[in-house]
Every structure is written in C-alpha cells, then in structure tokens.
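Novice: This is the structure, below, for whatever I ask next.
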Amino acid sequence: MKQIVMAISGASGAPYARRLLDCLSRADAHIHLVVSPPAREVIADELGITSVGVEALLGRNAENVTLYNFRQVGAKIASGSFLTDGMVICPCSAHTLASVANGLADNLMLRAALVTLKEHRRLVLVPREMPLGAIELENMLKLTRAGAVVCPASPGFYMRPQSVDDLIDFVVGRVLDQLGIPHALRTRWNPDEHRPSRSRRDGESGDAP
C-alpha cells in the first residue's frame, strides 16, 4: 500500500481537494491528511462543510485516511525516516507556495513538504490563483528547480467537458498521474476518439477565409 501525504491549504479550490481525496481513498494507498485553518474556512464557504473531518469531506468513512492536527509538527509525516510515496498540496495557496519555496516549516503541512523535498520524493503543488505575479512565478521556478512539480488547476477542454465535475476530474486525474496513482478519470487524449473528421470540420466551419 502506498503512503501519500495530502495537504489542503487556504486557496479557493475545495472541490478539487474533495475529489482528489475521494480518488486517493479508493486507491491502494493510505492517505495522511493535513488541513490548514484557512482551508477549513474555504471548505465551509465552497462546500458548506463546517466541521472538517474525513467523513464530512468524503460523505463516507475511509479507514485508510488519517487526519492530523495542523500544528502537530512532531507527527511521523514530519520525519524523513517515515517512508512515503509522495505528497500533494491541493489547492496550494500563494502563501503556502512562498513558504515552501523559502524553507519555512512552522506547521505540519510545511514541515512535511520540506521533508518530501529533502528526501527527493515527489511533491506536487496545485496552485489555483490567477493571475500570477512575478513573485509567484519566481517561487514556482525555485520549487521546480528544487524537485517539486507545479501542477496548476487548469482544466483542459479537449475532452469536451459537460459539467463542472468533468473539469474537476480533469485536474484531479493529472494530479493522480503525477503521484503514480492509477485512475479511470477522463484525461487521456485520443485523436481518433476526440477529433472530428476533416469533412465534418469543414462542414461546420462555413466558408473558408
């Protein structure tokens, strides 16, 4: 069973976090979950969940999810001696991005992220905020050079999404790919399946310029 650390920070994007947690909890993995205080406020605003717990987030029990106190810097996931298969912060706020990029570790989420980097394990950051300024871009570059993967919450449209859930699944599927977690979400491009024939395109495009 894989050991995956997941953290939820205080950026908008709680639906991404809930769906990612759902997919991870159904996979062959144990999830070590950390939720920041600002994230709890965002979850209340975006999902209507005021008491954040595993059952509240998932709508069901998940024995393979362990929820940690945000201030518990002595938890096992704060030590490099505890072997994990990677960590994801979804969504990742600009504040969290800057903190990790500059080596701050005054809470369990940040400490676990820095441990993941120093142990050369996969760290995936999912920022959602936009537009991006020079400071955020420089922090992303610094983290990428340190070995992290910056995976913005930017859904693609080539799968012809029919709902908000489809857009969420696209992002979550790409994050799962980065963590090496198998899934059946619709993220795979197949030109034979998704691209209309030339005659159809010409027929729908009207007169050529």
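The values are calculated or read from the model by the stated rules, or taken from the named source; none is laboratory data. Keep in mind that what you see is a predicted model, and the values were worked out from it rather than measured. We place every Cβ from the backbone using ideal geometry, glycine too, and count neighbours over all the protein chains shown.
Novice: When the range 20-41 is examined, which residues are found to be touching a residue at least 40 places away in the same chain (Cβ under 8 Å) and not hydrophobic (A, V, I, L, M, F, W, C)?
Specialist: Ser25, His32, Ser36, Pro38
Novice: While we're looking at this one, here's another question. List every residue pair whose Cβ atoms sit under 6 Å apart, with the two residues 6 or more apart in sequence or on different chains, where the first one lies in the range 6-17 and is closer than 8 Å to Ile89 by Cβ and the second, anywhere, is in a helix (DSSP H, G or I).
Specialist: Listed pairs, sorted by first residue: Ala7/Met109; Ile8/Ala17; Ile8/Ala39; Ser9/Ala39; Ser9/Thr96.
Novice: Looking only at the range 99-131, filter to residues that are polar (S, T, N, Q) and in a helix (DSSP H, G or I); which one of those is surrounded by the most Cβ atoms within 10 Å (Cβ to Cβ)?
Specialist: Once the filter is applied, the top-ranked residue is Thr116.
Novice: How about the range 53-83: which of its residues are among the β-branched types (Val, Ile, Thr) and touching a residue at least 60 places away in the same chain (Cβ under 8 Å)?
Specialist: Matches in the range 53-83: Ile77 only.
Novice: Say we look at the range 21-31 and pick out the residues that are among the charged types (D, E, K, R) and over 14 Å from the mean Cα position of the chain (by Cα); which of these is surrounded by the most Cβ atoms within 10 Å (Cβ to Cβ)?
Specialist: Arg26
Novice: Among the residues that make up the range 157-164, is at least one of them of a type in the set (Ser, Thr, Tyr), out of contact with any Leu (no Cβ under 8 Å at 6 or more places or on another chain), at negative phi and at pLDDT below 95?
Specialist: The answer is yes; a qualifying residue exists.
Novice: Something else: Looking only at the range 147-162, decide whether some residue is β-branched (Val, Ile, Thr) and over 13 Å from the mean Cα position of the chain (by Cα).
Specialist: no
Novice: Output the residues belonging to the range 32-48 that are in a loop (DSSP other than H, G, I, E, B) and exposed (fewer than 14 other Cβ atoms within 10 Å of the Cβ).
Specialist: Selection gives Gly48 alone.
Novice: So, of the residues in the range 82-98 that are outside any loop (DSSP other than H, G, I, E, B) and in contact with a Ser or Thr (Cβ under 9 Å, 6 or more places away or on another chain), which turns out to be farthest from Gly10 (Cα to Cα)?
Specialist: Out of the qualifying residues, it is Met87.
Novice: Quick check: anything in the range 5-19 touching a Leu at 6+ places or on another chain (Cβ under 6 Å) and surrounded by fewer than 19 Cβ atoms within 10 Å (Cβ to Cβ)?
Specialist: no
Novice: Condition first: aliphatic (A, V, I, L, M), under 23 Å from Ala14 (Cα atoms), free of Cβ contacts under 8 Å to residues at least 60 places away in the same chain and not in a loop (DSSP other than H, G, I, E, B). Now tell me which residues in the range 144-174 satisfy that.
Specialist: Val149, Val150, Leu167
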